[in-house]
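S.K.: For reference, the structure I am asking about is given below.
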Ligand SMILES: NC(=O)c1ccc[n+]([C@@H]2O[C@H](COP(=O)([O-])OP(=O)(O)OC[C@H]3O[C@@H](n4cnc5c(N)ncnc54)[C@H](OP(=O)(O)O)[C@@H]3O)[C@@H](O)[C@H]2O)c1
């Protein structure tokens, strides 16, 4: 039997990242799980047993990103898939938002993904293969008011993914951008989530496992097939 494929998932301590780590481990992958909340990662690692490695990593910190990538490499010798999923959202009228929120979102959603890419892409180039999954948002495509900096980071991720896809095509590295609609996770405080889905007329939001299944679908394709973009929304989400 061949060695399991090695995946690095950021933001694995909750929501989409946690569900993706679980689904991939259940489907035979070895998962490096990166995030800041160590107890959450340890609990998930206990659940996944030999299929998971918790990695303390704040993606806004260059040193922690490098150390997490190195730890996974020391343990498994390769990284087949990088899932840039860690993200934060601070929405509301632009002039009401403190500037710190601008920095936090750009540092985490955009620069955090770039730090990971700079650490992992050279590994994939050496391997002659790899898959990068960047988790953007439906809001990166369907630009709406009241979320200017968040949508800027998510639209930026879509553009970044497409440019890198073209640059790395001949190196056999595949790029996928995932654009979820409303998913029930800790990204949304529960009361605000209920209010948001009501006002958007969404009858049943997505669950994190549904995004994880979409990612699994893309990863399971034969080597000559690149699924480059997945926009996935609840049926009743008009946006
Ligand atoms: N939920 C939705 O409706 C929705 C829709 C479209 C796109 N998305 C995107 O999906 C991704 C996952 O979000 P989610 O919905 O699953 O929300 P979530 O449950 O809040 O998960 C966010 C994850 O990001 C991690 N994270 C945040 N800042 C980090 C940092 N500086 N370093 C490392 N990890 C960090 C958090 O872990 P720690 O706090 O432990 O570090 C957590 O694991 C995000 O990029 C989000 O923008 C979500």
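S.K.: Condition first: surrounded by fewer than 19 Cβ atoms within 10 Å (Cβ to Cβ), closer than 23 Å to residue 227 by Cβ and in contact with a strand residue (DSSP E or B) (Cβ under 9 Å, 6 or more places away or on another chain). Now tell me which residues in the stretch 170-204 satisfy that.
M.R.: Correct list: 171, 172.
S.K.: Every residue in the stretch 124-153 that is in a helix (DSSP H, G or I) and under 19 Å from the mean Cα position of the chain (by Cα), please.
M.R.: Result: 124, 138, 139, 140, 149, 150, 151, 152, 153.
S.K.: Continuing with this model, one more query. Based on what the data block shows, is residue 93 in contact (Cβ under 8 Å) with a residue 24 or more places away in the chain and out of contact with any helix residue (DSSP H, G or I) (no Cβ under 8 Å at 6 or more places or on another chain)?
M.R.: Considered against the rule, which asks whether it is in contact (Cβ under 8 Å) with a residue 24 or more places away in the chain and out of contact with any helix residue (DSSP H, G or I) (no Cβ under 8 Å at 6 or more places or on another chain), residue 93 comes out as yes.
Table: residues versus (1) touching a helix residue (DSSP H, G or I) at 6+ places or on another chain (Cβ under 7 Å); (2) surrounded by fewer than 17 Cβ atoms within 10 Å (Cβ to Cβ); (3) under 22 Å from residue 181 (Cβ atoms).
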residue	(1), (2), (3)
68	no, no, no
74	no, yes, no
78	yes, yes, no
98	no, yes, no
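S.K.: Determine which single condition residue 91 fails, assuming it passes every other condition in (1) in a loop (DSSP other than H, G, I, E, B); (2) closer than 17 Å to residue 218 by Cβ.
M.R.: Going through (1) in a loop (DSSP other than H, G, I, E, B); (2) closer than 17 Å to residue 218 by Cβ one by one, residue 91 breaks only (2).
S.K.: So which residues in the stretch 145-183 are out of contact with any helix residue (DSSP H, G or I) (no Cβ under 7 Å at 6 or more places or on another chain), closer than 24 Å to residue 194 by Cβ and touching a residue at least 40 places away in the same chain (Cβ under 8 Å), if there are any at all?
M.R.: Matches in the stretch 145-183: 146 only.
S.K.: Please work out which residue is farthest from the ligand (Cβ to nearest atom), limiting yourself to the stretch 115-144 and to residues that are surrounded by fewer than 17 Cβ atoms within 10 Å (Cβ to Cβ) and in contact (Cβ under 8 Å) with a residue 12 or more places away in the chain.
M.R.: Once the filter is applied, the top-ranked residue is 128.
S.K.: Residue 46 - would you say it is over 19 Å from residue 137 (Cα atoms), in contact with a helix residue (DSSP H, G or I) (Cβ under 9 Å, 6 or more places away or on another chain), more than 15 Å from the ligand (Cβ to nearest atom) and free of Cβ contacts under 8 Å to residues at least 60 places away in the same chain?
M.R.: Answer is no for this residue.
S.K.: Then there's this: Name every residue in the stretch 8-34 that is assigned to a strand (DSSP E or B) and either away from the ligand (no atom under 15 Å from the Cβ) or at pLDDT below 95 (or both), in order of residue number.
M.R.: Matches in the stretch 8-34: 30 only.
The values are calculated or read from the model by the stated rules, or taken from the named source; none is laboratory data. Fair warning: this is a prediction, and the values are worked out from it, not measured in the lab. Neighbour counts are summed over all protein chains in view; Cβ atoms, including those assigned to glycine, are modelled from backbone coordinates with ideal geometry.
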